[in-house]
Amino acid sequence: LQLVVGIAAGSMQMELLDRNGKYVTSLTDDLATLESLGVCDGMRIHVKDVSGEIASLLDHSVEKYKISDEEYEQRSESVRVWKKLHGFDKQPDQATMHDVENSKMIAEGIKVLYFTCMDKYGGFVRPQDVKVGDFPPFICDREMEEI
């Protein structure tokens, strides 16, 4: 659970909430199963950090650094510049796989392989630009001409 919520096991306080968000019980028995606790569909487990460490990360008294897209575009060292240098700035309308050729080139330079895929596909995109779903296969214009 620590990998999911980012809180050390000793610093977790867990509560069981019903489907309306109302408190049902505290989860204190490490050996209890979800079945023995009477967990039903729609209920959720709420994890609180009792260490106080997370609260220090939420300190809003320090002003957050903000930069406009225009200012960021002017920077010479940024993720966008890196993407342009390595050919990741041109994204297809539908990309489901990643470019092996580019990922190998990058991996040779920094010794990390981020992904594998068919040749000439994919790249890095912002999470808000990703659409997930069960989409029909993309058919390129050349394939359409053959049909």
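Every read-out reported here was derived from the displayed coordinates using simple, explicitly stated rules and does not represent laboratory data. All figures in this text were calculated on a predicted structure; none of them were measured in a lab.
Contour minus end-to-end for LEU37 and THR25, with contour as 0.36 nm per residue of separation and end-to-end as the Cα-Cα distance?
Stretched fully, the LEU37-THR25 segment lengthens by 3.4 nm.
Test of understanding: what is the full-extension gain from GLN2 to HIS86, defined as 0.36 nm times their sequence separation minus their Cα-Cα distance?
So the extension gain works out to 26.7 nm.
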